[in-house]
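Values quoted throughout were computed directly from the atomic coordinates according to the rules given, and no laboratory measurement underlies them. Just so it is clear, the model here is predicted, and its values are computed rather than measured. Here the Cβ is made from the backbone with ideal geometry for all residues, glycine too, and neighbour counts use every protein chain on show.
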DNA sequence: TGCTTATATAAGCAGGTGCGCATACTCTCG
DNA sequence: CGAGAGTATGCGCACCTGCTTATATAAGCA
């Protein structure tokens, strides 16, 4: 059994998941992008897709001769949970405001990246 | 430069970070636990600590002959941010999303391409 | 049917990474 | 100062993982 982080340790696989974040995408479509960006072959991409499948990060759906891949978020949720014990490091005393954070997260999007002290309402 | 996930790909390093989640801890202290659990040597642990240091996951503080390690949450926050695009899969209105997903998302294909954190309840 | 497109699998090889062993620092204390 | 704990580093090696090439499977099309 492989840990979620073992899967995410590979930049190609991360990229594939990023491409899949917006929604379903065909294997060849993913392949085209990844091959261009990383300079690897089609089989290489296919192998990564297999790893993602086997680890439960992605699901496949056949449509004709094409294979449509989609994200299965469950393992990513595990990763999210793994981060829980550390989240207070940057959330500080904002634990109570987690609700608000989830509601309007776009506020942080424009905030300074390196600045520790996050927005305080 | 190594990506955060490359660091977290190793189970020993993950364990070290877990041990560090509660607070500062001496290298030897960490070593004792990790050596016991993984059956590896002291230098091996030290090497992992070095990787964590170099990647910014941990900071060291000398106290006498001991080295006290602590978590630096910055890289973990990056990981947290990386998860943002997927968080809606399990965070917001899971049932509604699941319904839409199950019903067939082809409808959305032509409509709204980027659906990040749109809805405001 | 046979050719083509789309994708997956097999086999083999190369580079990286984690490990153990040995050793080098570097404080502290007697 | 010398001994000894606590920790880090250098080196060499085995193994794992990802890559390429070659090929298989399967659907669409003429």
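Points to keep in mind about this one:
- In the assembly of identical copies, residue B:36 has its label point, taken 7 Å from Cα in the direction of the beta carbon, separated from the corresponding points by 5.4 nm (ascending, one decimal).
- Remark: mean inter-chain Cβ contacts per residue of A:13-22 equal 2, using a 10 Å Cβ-Cβ cutoff to other protein chain atoms.
- Given R0 = 30 Å, the distance between the Cβ atoms of residue A:84 and residue B:63 translates into a calculated FRET efficiency of 0.55.
- Prolate/oblate/rounded call for the stretch B:37-82, Cα gyration tensor, a/c under 1.5 rounded: oblate
- When the P(r) is computed for the stretch A:1-52, the part past 17 Å accounts for 28% of the Cα-Cα pairs.
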